[in-house]
Amino acid sequence: MRIQSIPPLLRYYGSFLQPDVAKIRLGLGGAAPGGNDFHLDAAAEWICRAQDAHPGGGVARSYSLVYNPYFGRRGWIPPYPETTGYIIPTMFDYAHRSGRQEAFERAVRMAEWECEVQMASGAVQGGTVDQAPTPAIFNTGQVIFGWIRAFQETGRERFLESATRAGGFLLESQAADGAWRKHLSEYASSTMASYTYNTRTAWALLLLSTVTGEPRFREAAVRNIDHALGQQLENGWFASNCLYDPARPLLHTIAYAIRGVMECGAILDNREYLAGARKAADALLGQVREDGSLAGCFDDRWQPAASWSCLTGDAQIAHIWGRLCQITGEEKYREGARRTIDFLKRVQLLATEDPGIRGGIGGSDPISGRYGRYEILNWAVKFFMDALMIDASLAEREAR
């Protein structure tokens with residue numbers, strides 16, 4: 001072992017001695033589930049602290065409970081353009097639900113920051129804002145969601161201009177068959193020529209088309225969804241669909257792929273797209289564990305391929321089931337969403353006053369799982385908020 005490697009190693013193992021880390025490792029970081037708004041407020045407050053952790057308006061990528069050798073630090077990791085982009089609609093939704101003007105203003109600041117860090121090509125960079133900027137297709141699509149919503153909420157043309165420039169970059173980079181093979185993230189798997197989960201980028205382009213009236217964005221979205229459905233097996237599983245291992249994709253990227261197909265199907269009233277999304281969502285309904293969680297990865301037979309649970313993916317799938325309940329009216333989706341949301345409530349980190357931890361959602365359960373190991377991820381918190389808000393909306397509809 002080289003001498004210069006000893007201090008980071010000591011910092012890493014030494015950080016496990018913190019009481020809160022030990023408590024979370026033992027599964028004692030959560031609390032008894034409460035009402036949706038209680039958990040939602042705690043999650044939103046974590047997002048606010050993540051935004052305040054660094055100057056400028058972007059949201060810290062994560063809070064690392066232990067020393068992170070990759071980022072060279074413990075605590076708040078620098079802002080992440082990709083996920084800040086899709087946190088923006090969540091914060092606007094929360095602002096309207098809670099009546100908190102501060103949340104609205106924070107969402108606007110996030111959108112302004114995204115304009116400031118947008119690349120000259122119109123692209124959004126991969127990785128955190130302190131890393132060397134390289135254009136990334138998926139990241140660009142996710143920030144379009146934020147700019148569109150900020151434009152709709154404020155009427156400021158600056159946001160629509162940024163979204164349109166980003167859309168132009170995506171069109172220039174798309175292959176004729178609808179896939180994106182250029183400008184894939186340097187921070188994701190290099191084993192695939194394209195990522196099926198870019199259906200979520202297609203959804204962003206379809207929304208951009210509805211706002212701008214430009215058919216070129218709609219046509220590009222349709223090409224990509226058609227390509228993605230060509231990657232889907234009869235049982236609903238998607239190929240070329242992971243950050244690490246396409247044979248055993250993460251629940252996180254499985255959910256990305258489903259959501260993009262589903263939302264495009266809903267906007268276009270396309271039964272084929274909705275059927276493709278439901279095929280995968282229904283397969284996962286049959287895989288819910290007794291505690292309400294799902295495995296972190298699945299193989300092409302929908303067999304669990306990880307013992308740990310990917311909490312981001314759990315929250316995303318719960319939200320997808322909630323949306324399918326809205327779209328179809330089928331109660332099975334409502335029940336699946338409830339079970340998984342109750343699980344997420346139990347593992348939300350509430351048994352601490354540490355501002356970097358309280359209200360957060362870990363990358364994995366247990367926290368030592370492969371995805372987001374020993375981190376609270378801003379996108380896990382965002383998708384948990386989305387799941388809570390759609391669950392509350394369904395409950396309010398039922399009560400009427």
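None of the figures in this text is laboratory data; all of them are computed from the coordinates on show. Values in this document were obtained by computation on a predicted structure and should not be read as measured data. Because the Cβ atoms are built from the backbone with ideal geometry, glycine has one as well, and the counts that use them run over all protein chains shown.
Could you pull out every residue, at least 5 positions away or on a different chain, whose amide H is within less than 5 Å of the one on ASP299? Hs are placed 1.01 Å off N in the peptide plane, and Pro or chain starts have none.
Sorted by chain and number, the residues that satisfy this are ALA305.
Across every pair of different alpha-carbon atoms, what Kirkwood hydrodynamic radius in Å does region 342-399 reach?
Values: mean 1/r = 0.0815 Å⁻¹.
About 12.3 Å for region 342-399.
Taking amide hydrogens as modeled 1.01 Å from N in the peptide plane, which residues meet the under 5 Å criterion relative to VAL59, leaving out close sequence neighbours?
Long-range HN contacts for VAL59: TYR80, THR84.
Over region 1-156, what per residue volume does the convex hull of the Cα atoms give, in whole Å³? Provide the component values of the computation, followed by the final result.
Working: hull volume 21.8 nm³, N = 156.
Residue-normalised Cα hull volume stands at 140 Å³.
So what's the projected area for region 64-160, the Cα convex hull averaged over all directions, in nm²? Each step should come with its number before you reach the end.
Working: hull surface 27.6 nm².
Result: a mean projected hull area of 6.9 nm².
Could you give the nm distance between label points at GLU330 and HIS96, where each point is 7 Å from its Cα heading toward the beta carbon?
2.7 nm
Name the residues whose placed amide hydrogens come within less than 5 Å of the amide hydrogen of ARG74, ignoring near sequence neighbours (fewer than 5 apart) on the same chain.
ASN68
Arrange HIS39, HIS54, HIS96, HIS252 by Cβ neighbour counts within 10 Å, fewest through most, would you? Spell out each step's value before the answer.
On the way: HIS39 23, HIS54 18, HIS96 13, HIS252 27.
Starting with the residue having the fewest Cβ neighbours, the order is HIS96, HIS54, HIS39, HIS252.
Any idea what Rg and Dmax come out to for region 223-378 if you just take the C-alpha atoms, in Å?
For region 223-378, the Cα-based Rg and Dmax read 15.5, 48 Å.
Along the Cα→Cβ direction, 7 angstrom out, place labels at ARG25 and ASN235. What is the inter-label distance in nm?
Taking the simple label geometry, ARG25 and ASN235 are separated by 3.7 nm.
If the cut-off is 17 Å between C-alpha atoms, which lysines fall inside it for LYS332, apart from same-chain ones fewer than 8 positions away?
Within the straight-line limit of under 17 Å, LYS332 reaches these lysines: LYS279.
How large is ³J(HN,Hα) for each residue in region 147-156, as worked out from phi by the Karplus curve 6.51 cos²θ - 1.76 cosθ + 1.60 (θ = phi - 60°), to whole Hz, x for Gly and Pro?
Computed from phi, the couplings for region 147-156 are 5, 4, 5, 5, 5, 5, 7, 10, x, 7 Hz.
Convert each backbone phi in region 310-319 into a coupling constant with the Karplus relation 6.51 cos²θ - 1.76 cosθ + 1.60 (shift: θ = phi - 60°), then list the ³J(HN,Hα) values in order as whole Hz, x for Gly and Pro.
Working through the residues one at a time gives 8, 5, 4, x, 4, 5, 5, 5, 4, 5 Hz.
Under the Karplus relation 6.51 cos²θ - 1.76 cosθ + 1.60, θ = phi - 60°, what is the ordered set of whole-Hz ³J(HN,Hα) values for region 56-65, x standing for Gly and Pro?
3J(HN,Hα) across region 56-65, in whole Hz: x, x, x, 9, 3, 4, 6, 10, 8, 5.
For GLU172 paired with GLN131, estimate the spin-label separation in nm (one decimal), with each label point 7 Å from Cα along the Cα-to-Cβ line.
2.3 nm
Return a whole-number percent for the relative contact order of the chain, with Cα pairs under 8 Å and 6 or more residues apart as the contact set.
Numbers: 800 pairs, mean separation 69.2, N = 400.
17 percent.
Can you give the relative contact order of region 1-122 as a percent, counting alpha carbon pairs under 8 Å and 6+ residues apart? Kindly include the intermediate steps, with their values, before the conclusion.
Numbers: 122 pairs, mean separation 24.5, N = 122.
In percent, rounded to a whole number, it is 20.
Please compute the net charge surrounding LEU160, taking Lys and Arg as +1 and Asp and Glu as -1 over other residues with Cβ under 14 Å from its Cβ. Walk me through the numbers on the way to the answer.
Values: positive: ARG149, ARG156, ARG158, ARG165; negative: GLU112, GLU114, GLU153, GLU157, GLU161, GLU214.
Overall, the nearby charge balance is -2.
Viscosity 1.567 mPa s, temperature 4 °C: Stokes-Einstein D of region 134-201 from its Kirkwood Cα radius, in µm² per second? Don't jump to the answer; show the numbers that get you there.
Numbers: Rh = 12.7 Å.
The calculation lands on 102 µm²/s.
Mind giving me the FRET efficiency for ARG216 and ALA399? R0 is 60 Å, r the Cβ-Cβ distance, nearest 0.05 is fine. Let's see the in-between values first.
Numbers: r = 43 Å, r/R0 = 0.72.
With R0 = 60 Å, the Cβ-Cβ based efficiency is 0.90.
Based solely on its DSSP helices, what 222 nm [θ] is calculated for the chain when runs of n ≥ 4 H residues each add -39,500 (n - 2.57) and the sum is averaged over all residues, nearest 500 deg cm²/dmol? Present the calculation step by step, with values, prior to reporting the outcome.
Details: 14 runs with 222 residues, N = 400.
That calculation yields -18500 deg cm²/dmol at 222 nm.
Just to verify a number: FRET efficiency for GLN287 and GLU157, C-beta to C-beta distance, R0 = 56 Å, to 0.05? Could you put the intermediate results ahead of the total?
Numbers: r = 46 Å, r/R0 = 0.81.
Step by step, r from the Cβ atoms, then E = 0.80.
Counting only other residues whose beta carbon sits under 15 Å from that of TYR197, what net charge do I get with K and R as +1, D and E as -1?
+1
Candidates (1) 27.5; (2) 19.0; (3) 21.6; which is the computed mean projected area of the Cα convex hull in nm²?
(2)
Considering only the other residues whose Cβ falls under 15 Å of the Cβ of PRO33, what net charge follows from Lys and Arg at +1 and Asp and Glu at -1?
Working: positive: ARG338, ARG339, LYS345, ARG346; negative: ASP37, ASP41, ASP291, ASP314, ASP342, ASP365, ASP391.
Within the 15 Å Cβ shell, the charges total -3.
Which residues does the label zone of ALA120 cover in region 168-185, counting backbone N under 19 Å from a point 7 Å along Cα→Cβ?
Backbone N within reach: 168-170, 172-173, 183.
Tell me the volume per residue, in Å³, of the convex hull enclosing the alpha carbons of region 292-400. Mind dumping the intermediate values first?
Working: hull volume 11.5 nm³, N = 109.
Convex hull of Cα atoms, per residue: 106 Å³.
So what is the relative contact order for region 176-335, in percent, with contacts set as C-alpha pairs under 8 Å and at least six apart? Intermediate values should be presented prior to the final figure.
Working: 254 pairs, mean separation 32.4, N = 160.
It rounds to 20 percent for region 176-335.
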